[in-house]
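Visitor: The structure's right below; bear with me while I get my questions together.
The values are calculated or read from the model by the stated rules, or taken from the named source; none is laboratory data. Because the structure is predicted, anything quoted here is derived from the model rather than measured. Neighbour counts are summed over all protein chains in view; Cβ atoms, including those assigned to glycine, are modelled from backbone coordinates with ideal geometry. Note: areas computed on protein heavy atoms with side chains; ligands, DNA, RNA excluded. Shrake-Rupley method; radii C 1.70, N 1.55, O 1.52, S 1.80 Å.
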Amino acid sequence: MEATTLSVSSTSPAVNAFQLVFHIDVFLLALAGVFALFALPRAVARFSRAAEWRQGHILRAIPLERRAPRPPIRSVQSPSAGPSTADNLTSEESHTLHSEAHLIRHPAAKKEGWSLPPHVCAWSSRVPTFANILRYRLDAGFSVGQALILVIYSAALVYAGFLKSNPFADPLRTGFVAMSQIPVVYLLATKNNILGIFLGLGYEKLNYIHRFAGTLLVIASNVHSIGYIYQWTIDHTFSKNIRMSPHIWAFVALVAVDLIYLFSIPFFRRRAYNLFYYSHVVLFVLFLPAIHAHQPGVWPYVIAAAGIISLDYLIRLMKTRVFNARIRPIPDLMLTRIEVPQLNAGWRAGQHVRLRVLSSAMGWIGWAESHPFTIATATKTPEGMVLLCKKTGGWTGRLYDMAKAAGYGSDEGAYGRTVQVMIEGPYGGPGHCVFASYSAAIFVVGGSGITFALSAVQDILQRDSEGASRVKIIEVIWSVQDSASLNPLVPQLTALIQQSIYTPLKISVHYTRTSEKPAGKDFLPPGLTLTAGRPRIAKVLDAVMSRAVSYGSNVKASLDITGVVVGVCGPTGMGDDVAHVISQVDGGRRWAVGGIEMHEE
């Protein structure tokens, strides 16, 4: 709220406030650089393969190669063995449904060398004790490691605000602190931020820092304003100062940043997402010129923030595609299946896109709404990109109703209808973690989180058929409320099991809602089980680790044990449970298997 004529020298004479906050920003940048250096070895290993440069950045269409017919599916039991009891075993009790001969006689071994992805252990595998401490959950979805980052960040700003200064006697200092964090808040708000690129993290993984940094900016701005209002009131100059143009713009900026915070609270994000989103966009744009009109000296920070947000929107425009898609309902799952066969490349397993449905049936502004959905297929498949959209609110409800009301289309009798969609992405994903570089992979998912597992398993099996995967064991644990949720996905899950010729795939579905015996349970294919109750994740992890260790001595050196990756996608509590299970693994067993790494989507 200070007048534009105030200079830096009006603060404590022993401290140059402008240089102080600049050095704080340099410190924060150096801290981010340290994290980037820790991630560098995995980044180098990932991008050492040319294929990785083409995946995970820009969606595109490529011609598909004609593949030779698949070899006959192996039999999981001898013809004379009599009725199989495999269907009566849970995932934790049965781990021998597939022959293990493929671990030694992989077809790719006949080629001129292997094309296996390089593997670099994460730091969590190198220092598991320290990693377990950082992974410990203080609250749902909030770990000690995240809390430590926020403590360091807030300590740096508190130091800048209180060093030889009293925020109420010297309100200009807190104004400088708020000013210095403008680029940080804008950077972490973007979908394509440089920090995430270097750290190998999606924007959603850094969003908790964005929210915290924004909160500190709001606090500093209000303390700065209240300090000047207090001084003007004591000096009886409030009426005079409030009429000055720089101070009017100061109030505009203050109202803008306070409204951004107000509409960011969980109530508005859950109940009125459009209000939250559009208020952010409009007020973010208003805030920058207002703060510059208030104090022209902040122009470097304003230019930096404007450049960051402009670059983000330019990249988002480059990553946007418009295609016709076919939508159809899946009533048992209350999902809408969206198929875009024209898009078949450019993403990595586990990534998501932001979807707009360009149809008047979505409502007055529904066509302009953008919602994130995980891609449910791997690249280079005939079906192209597939999204499964859970009916959870107004927008997804209208989408589901539109698909359900379409009935049978006129073209080839296909069920559903064709709509025009705008797809932006891909975003997020496993970062520098390459699922195919581990010895074993476990995917623990809940509800619509099965889309994450479907794409990851497809990708691993696809790579394995090309001799480009180290994975020897794949386990999928899917938790649903109702056993009927399995019915529409049985064909697809069966196809995945049949495709796992060289790497055994086991899928266990657990339902928590008490009901009669599910129809069709006795007719599930080997490798797919349906069980009542919560999954025993610890037992599955223990069994997978034992198998991975036992396989390690039977394969060629290039297939040495490279650890177990555990992918999680579901409710927040599911990630917390899996993190707790991993932390309980004995250090010796963890070392023997090459480490255990967890990825939450």
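Visitor: Might you check whether a residue that is touching a helix residue (DSSP H, G or I) at 6+ places or on another chain (Cβ under 8 Å) and under 30 Å from L343 (Cβ atoms) occurs anywhere in the range 304-317?
Guide: Yes; the residues of the range 304-317 include at least one that is touching a helix residue (DSSP H, G or I) at 6+ places or on another chain (Cβ under 8 Å) and under 30 Å from L343 (Cβ atoms).
Visitor: Looking at L163, L201, L216, L157, can you tell me which residue is modelled with pLDDT under 95 and buried (at least 18 other Cβ atoms within 10 Å of the Cβ)?
Guide: On the way: L163 fails: buried (at least 18 other Cβ atoms within 10 Å of the Cβ); L216 fails: modelled with pLDDT under 95; L157 fails: modelled with pLDDT under 95.
Going through L163, L201, L216, L157 in turn, the sole match is L201.
Visitor: Restricting to the range 426-455, and then to whatever is part of a helix (DSSP H, G or I) and in contact with an Asp or Glu (Cβ under 9 Å, 6 or more places away or on another chain), can you tell me which residue is surrounded by the most Cβ atoms within 10 Å (Cβ to Cβ)?
Guide: F452
Visitor: Now for a separate question. Exactly one of (1) open to solvent by 10 Å² or more (accessible area, probe 1.4 Å); (2) at pLDDT 90 or above is unmet by Y415. Its number?
Guide: Only one criterion is unmet by Y415, namely (2).
Visitor: Checking the structure you have, find out if any residue of the range 350-364 is open to solvent by 30 Å² or more (accessible area, probe 1.4 Å), in contact with a Phe, Trp or Tyr (Cβ under 7 Å, 6 or more places away or on another chain), assigned to a strand (DSSP E or B) and among the basic types (K, R).
Guide: yes
Visitor: So L138 ticks every box in (1) at pLDDT below 90; (2) farther than 19 Å from S437 by Cβ; (3) open to solvent by 70 Å² or more (accessible area, probe 1.4 Å) but one. Which box is left unticked?
Guide: (1)
Visitor: Let me ask something else about it. Of the residues in the range 420-433, how many are at pLDDT below 95 and β-branched (V, I, T)?
Guide: Matching residues across the range 420-433 total 0.
Visitor: Could you please tell me which pairs satisfy a Cβ distance under 9 Å, a separation of 6+ or placement on different chains, a first residue in the range 583-601 that is on the phi > 0 side of the Ramachandran plot, and a second residue that is in a strand (DSSP E or B) and not aromatic (F, W, Y)?
Guide: Qualifying pairs under 9 Å: G594/V564; G595/V564.
Visitor: How many residues are within 30 Å of G346 (Cα to Cα) and either open to solvent by 60 Å² or more (accessible area, probe 1.4 Å) or touching a strand residue (DSSP E or B) at 6+ places or on another chain (Cβ under 8 Å) (or both) if we restrict to the range 20-40?
Guide: Within the range 20-40, residues that are within 30 Å of G346 (Cα to Cα) and either open to solvent by 60 Å² or more (accessible area, probe 1.4 Å) or touching a strand residue (DSSP E or B) at 6+ places or on another chain (Cβ under 8 Å) (or both) number 5.
Visitor: How do the pairs read when you match residues in the range 559-573 that are within 16 Å of L454 (Cα to Cα) with residues anywhere that are aromatic (F, W, Y) and assigned to a loop (DSSP other than H, G, I, E, B), using Cβ under 9 Å and keeping only pairs 6 or more apart or on different chains?
Guide: V565/Y438
Visitor: Right, something else. Only residues that are assigned to a helix (DSSP H, G or I), open to solvent by 40 Å² or more (accessible area, probe 1.4 Å) and among the aliphatic types (A, V, I, L, M): list them for the range 262-288, please.
Guide: The answer is L262, L275, V281, V282, V285, L286.
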